[in-house]
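Report on one structure; see the data block that follows.
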Amino acid sequence: MRMQTVDGDDRSDDDKPDKVTRPVAHIRKKMQTYSTKDLRDSCWVGLYAIFHAYLFWVALCVILATGANHILRWWVRRYTYFLAPGHMNWRIAFGVFETVGKSWIWTAFICEVARSCFWLGRDATRADTFELYRRTLLGEVRESIEQGQLYAGSKKVARGQFDRKYWDLGLQLVIYFTLDIIPFCIAIVGFLSGKRLGAIMLDVSVFVLPATCLHILVFFSAWTLTDMYIKMTTFLKIWQSYDAGDGSESEDGELSSDQDESDVDMDAHAPISENLEASDEHGLAEDRNLCIYICRGCILIEVFAPHLLWFTAVVGGLALRRWEAVFAGLFCALLICCYSAGLISSGMSWAVMPFQSPRLHALQKWGEELASLSFDGQFRARALPAVNLVIVTNLFAFAGMWKGMAATMLVVVFIVCRQAMFWIERPLGWLFGITEGVALHIGVALLSLCTQTVGQFQDFFLLIVLGFARIFGMRRRIADGDSVRNASMIWLCTVQVVVLSIVILNVKKGGATKNFSVFCNEANPNCTFTEIEYKKPSLSRLSHCSLRFPSGQEESLTLPDFGLMSALAYERSESVEQGLKTYFPDWHITEQHFTRSMAKGESQESEYDWTTFYEFTNFANTTSVFAVRGTQYLIDVLQDVDLWLPAATIQLFEKIGPTFSEGVIDAIAELTTTGQRENEKRAFGVLLDRVSREMRRSPGRAFYITGHSLGGGVAKLVAAKIAQMLPNVSLPAIVFAAPGLEATSYVVYGERLAPGLETKAITVRPQTDVVSRVDKQKGGTVPVSCNGTALSCHSIFNTLCSIYDDCGSMRPNEKFLYYPGCNNAAI
């Protein structure tokens with residue numbers, strides 16, 4: 001008797017043993033016929049796929065955070081040693097170009113690694129897990145590279161060969177052993193040892209994340225070497241075939257008179273599929289895809305984005321009377337219009353290449369199809385660097401740096417002309433493209449040797465290796481993962497533009513501080529003060545109005561008292577004494593430390609000593625408050641970015657993906673420090689030493705630490721370390737608009753210290769403030785209303801005005817408090 005299954009296949013009853021009456025036979029039959037289809041239906045394989053995909057998602061976060069950190073460190077080092085405050089000269093300009101070029105080469109490398117991470121993450125979710133990874137290491141992806149499809153020819157692989165089969169099985173053992181078995185054993189040992197869940201997650205993450213990143217690098221290297229091998233062997237095959245007389249080349253190297261370019265058979269030498277953009281998965285009809293209708297508007301954005309850059313430069317230059325910016329904008333507009341109208345190409349149409357041999361045409365086809373030297377490939381490679389340089393040109397223009405602006409404009413002109421000459425260069429475009437790439441990378445590497453005094457040899461060899469790989473292996477035509485690569489490139493380019501903007505503005509301003517004061521001459525008619533009345537705490541519904549901090553005297557300290565001390569840290573030296581006499585007549589300065597200038601010629605220590613602070617002590621010697629200055633130098637913003645960039649990257653990934661556990665966050669922070677942890681500690685080492693020394697010397701005195709923005713973040717870092725060093729004493733941190741510490745404490749110290757702030761830190765977070773939302777806060781958080789923009793709400797003075805508006809002066813013994821910072825506040 002035969003029966004038909006739901007799938008339509010006919011099977012006899014004897015071929016389908018009953019699971020209940022004949023379980024042994026059923027299990028034996030199932031084991032003998034188990035296949036990838038059964039793997040696809042298995043829930044256990046699905047769980048493993050989710051776990052592996054999560055690993056590669058976290059690894060992508062590590063890759064991008066590490067890439068951004070390197071770019072930041074290069075610019076900090078460039079500024080420290082060569083961009084001394086003053087005018088722009090040619091040596092500085094060459095140094096800037098070296099760092100721009102190096103950052104771009106590094107960005108291209110990181111983006112390709114990020115795409116490889118995406119490939120492996122998707123590869124881990126297939127039924128034949130890590131198929132692409134294994135095939136790459138076994139040298140079976142030639143057809144995939146040639147056709148531009150990741151899994152092309154995967155079913156043609158000869159898996160019956162003894163050596164190939166067991167090598168494949170061995171690779172799978174290594175993969176599963178490092179990504180699954182060892183982490184599972186670590187978790188079991190930690191559980192049996194009685195560790196808490198967070199510590200177990202940290203132990204597992206510290207092992208499995210480096211292992212995952214190592215697998216990504218191994219896969220990327222193997223794929224790149226295979227790609228390079230295919231390019232070189234195909235090139236030699238084309239070259240040698242014409243030497244052997246297979247081509248139709250005449251003795252003088254020209255095409256035969258009875259033959260033109262169309263008669264040359266290049267496909268015999270470059271067997272590459274024409275449908276390189278085809279995916280290995282078929283989608284639905286295009287008229288049913290909503291993204292197609294929505295993304296048609298992106299075409300307009302791509303067309304008008306370059307025009308928006310020059311228009312912004314012209315309008316901004318006219319508004320600010322920066323004629324350099326107007327000139328740069330008009331120049332960019334002229335260049336874009338000439339290129340779009342084809343005037344550059346038509347102007348060079350007279351330059352026809354005299355060499356038109358079949359060999360050169362075959363090599364041109366080789367370059368366009370295997371080395372991404374086609375028109376579209378070249379455009380994709382040059383578009384974003386050109387936009388980056390246009391932005392840099394505008395930055396130089398607004399800063400009034402003519403030499404830097406002229407140099408970047410020349411480079412932009414060169415890039416545009418090179419793209420416009422593509423059709424003229426044929427059939428020697430492949431040679432010009434390779435020569436351009438080699439010259440660029442070697443030039444940047446040589447500039448590293450000539451313009452650096454620290455790490456120049458390391459950077460030189462790094463650039464040579466990355467340049468060789470990029471020119472001959474990395475510029476492939478695989479369309480899969482382009483969205484991941486482009487998104488990674490946008491993120492890293494944004495980091496570079498922000499950092500470069502800070503550096504250029506700081507060079508323009510000569511490293512000067514924000515020379516301002518909230519105090520003014522009362523004889524000046526523009527000098528106005530705001531009268532702030534006292535309000536009883538019982539009349540306010542806000543809890544922070546009743547916050548009091550013991551000072552060892554009759555009158556306790558309040559939240560705005562710490563805000564005033566944080567504000568005084570921004571004042572000029574002479575204004576600080578005036579502020580103490582006005583608001584704290586019973587207090588005096590016992591210690592003050594100023595950040596060293598970033599002038600050229602100072603020791604390496606000055607690169608990291610960026611913290612300015614005051615120690616205020618009352619005359620009764622019962623209380624001391626350390627007030628840490630926030631961002632004062634423009635270059636201080638780089639310290640903000642340096643310390644909190646990994647946390648910002650983690651938060652970005654958590655916004656668009658799953659939330660990371662504490663152990664995973666700590667592991668990411670550990671991997672992204674890039675060996676700079678001691679340098680980051682040095683940024684506030686003097687402050688930490690002073691606080692610990694004073695607290696040991698005067699155990700009976702009450703100590704507090706406060707600060708705003710960067711100063712508040714550093715204050716919490718010091719308080720967290722003190723909680724570990726001196727567990728029997730307390731150092732409360734009362735900070736304003738300061739970033740969090742969940743990931744940053746691990747970035748700086750290499751251990752989780754943020755829990756020490758659970759009961760010892762209060763962060764005042766103004767509404768719409770962005771800085772205080774970077775990294776996760778530990779301890780108490782006091783929300784404060786603010787009706788201004790994100791920038792205005794970040795101001796310590798506006799924050800104080802909001803607190804005074806809610807709570808009054810909070811000083812019962814004074815009828816009024818004259819505070820000059822609230823002129824525009826609604827009190």
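The values are calculated or read from the model by the stated rules, or taken from the named source; none is laboratory data. Here the structure is a predicted model, which means the values were calculated and not measured. Reconstructed Cβ throughout: ideal geometry from the backbone, glycine too, with neighbour counts over all protein chains shown. In case anyone asks, the SASA skips ligands and DNA or RNA and just uses the protein heavy atoms, side chains included. Shrake-Rupley method; radii C 1.70, N 1.55, O 1.52, S 1.80 Å.
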Exercise. Output the residues belonging to segment 758-796 that are assigned to a helix (DSSP H, G or I) and either under 19 Å from L741 (Cα atoms) or open to solvent by less than 30 Å² (accessible area, probe 1.4 Å) (or both).
Key: V771, S772, R773, C793, H794, I796
Exercise. Would you mention how many residues in segment 609-632 are buried (at least 20 other Cβ atoms within 10 Å of the Cβ), in a loop (DSSP other than H, G, I, E, B) and of a type in the set (A, V, I, L, M, F, W, C)?
Key: 1
Quiz item: Is there a residue in segment 342-355 that is assigned to a helix (DSSP H, G or I), at pLDDT 75 or above and either under 17 Å from W239 (Cβ atoms) or of a type outside the set (D, E) (or both)?
Solution: no
Exercise. State whether one or more residues within segment 726-740 are within 19 Å of the chain's Cα centre (by Cα) and not basic (K, R).
Key: yes
Practice problem: Hand me the list of helices (runs of 4 or more DSSP H) wholly inside segment 359-477 holding 1 or more residues that are of a type in the set (G, A, S) and farther than 26 Å from T494 by Cα. | Solution: 402-420, 429-451
Practice problem: Among the residues of segment 638-665, write down those that are among the β-branched types (V, I, T) and more than 16 Å from the chain's Cα centre (by Cα). | Solution: T659, V664
Practice problem: Kindly provide the set of residues from segment 552-579 that are part of a loop (DSSP other than H, G, I, E, B) and open to solvent by less than 60 Å² (accessible area, probe 1.4 Å), ordered by number. | Solution: S556, T558, A569, Y570, E571
Quiz item: L236 is checked against (1) surrounded by 13 or more Cβ atoms within 10 Å (Cβ to Cβ); (2) assigned to a helix (DSSP H, G or I); (3) modelled with pLDDT of 80 or more and fails just one. What number does that condition carry?
Solution: (1)
Quiz item: So which residues in segment 89-140 are among the polar types (S, T, N, Q), open to solvent by 10 Å² or more (accessible area, probe 1.4 Å) and part of a helix (DSSP H, G or I), if there are any at all?
Solution: none
Exercise. Filter segment 643-676 down to the residues that are assigned to a loop (DSSP other than H, G, I, E, B) and of a type in the set (V, I, T), then identify the one that is most open to solvent (accessible area, probe 1.4 Å).
Key: T659
